[in-house]
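We did not get these values from a lab; they are worked out from the coordinates using the rules stated. Bear in mind the structure is a predicted one, so any value in this text is a computation, not a measurement. Cβ sites come from the backbone with ideal geometry, for glycine too, and all protein chains shown count toward neighbours.
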């Protein structure tokens, strides 16, 4: 049984192919022509808007990959009129263009959010010249804060990788995994087991506790944790269950031990994948999963009263258009004019001390600048 990352040095096999990591880009959903019809809905709680200070001790950044306004409204309709997201009273929009393209990819979009610089599509934590740029996660760690990353994708995938790695190409998965081990990140939970175990370099690590079973991950309350929940990516909601919710609660339990505060990024990866597949059902089910994670974050922040929550996207995917539905029955019908990303602005929602900073139309890099100012005083 894997329980310490030092076991990773025993594996010298070749890493998995890029195809296995990115095959979702060409996947076509079986429910391509189907309408989402809700079988049940969950209750949405309203949380108080009272906080201890004007500036946060902690920041939770939630990224719904590929989440535009239509994806949000699809989720709202699917849950029969309400989302936890509605607790966020401050709302803005982010322009997502990368340095070299009107339409960004997740690597450049993630780097803009993590490091506050526009870079080329495919870049992970580097600028247009290939120079490393320091991320908010790294700066938080240097300032004595706890740090964490959670994702339904492989943890080495573009969005989470952009907060901790520095590589010229998003496809350098083994190198990205190695970058994780150069940091003092406290907890990371997601897929990507193969990128840590089937390494060519056989590199030893820093004594993280490694768990691959979600029930065991849930029990970890302190220390350093690497929760690797799938060989590559986690499956769809029907397969992975409440993985993202459990991972979020576990990460919060661990990070909250640090009296100085923490920075945590949580990604709902597969909203994007539903857009790539042109599937209303895929988008709706992952939007609802993401919103329930937002509910857990809000529950923590409402009790803590010192936590800022920011919810946004790196870009929109699919050009999703809501073409019909029924709010009372939770029925959503949509069309997708493209199977790729689009250039439209994405929403920014915020809750907690400093939330009022995230209103109006802004660059994606502005989100980073505002977070750093509030959390680190930069």
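General remarks:
- Normalising by residue count, region 292-353 has a Cα convex hull of 116 Å³ per residue.
- Ascending count of other beta-carbon atoms within 10 Å, so fewest first, for 370, 333, 222: 222, 333, 370
- P(r) tail fraction, region 131-187 - alpha-carbon pairs more than 14 Å apart, %: 49 percent
- Note on residue 54 and residue 323: their simple-model spin labels are 5.0 nm apart, each label 7 Å out from Cα toward Cβ.
- Using the alpha-carbon positions of the chain, Rg (one decimal) and Dmax (whole number) come out as 19.1, 55 Å.
- The chain, helix-only ellipticity at 222 nm - DSSP H runs n ≥ 4, -39,500 (n - 2.57), divided by all residues, nearest 500: -9000 deg cm²/dmol
- Stretchable slack from residue 335 to residue 373, in nm (0.36 nm times residue separation minus alpha-carbon distance): 9.7 nm
- One chain, two ends: residue 303 and residue 218. Fully extended at 0.36 nm per residue, the span grows by 28.6 nm beyond their Cα-Cα distance.
- Span from the region 223-280 Cα centroid across to the region 287-317 one, whole angstrom: 12 Å
- Extent along the principal axes, Cα only, for region 229-378: 46, 35, 35 Å, with the longest axis given first.
- Convex hull volume per residue in cubic angstrom - Cα atoms of region 44-86: 99 Å³
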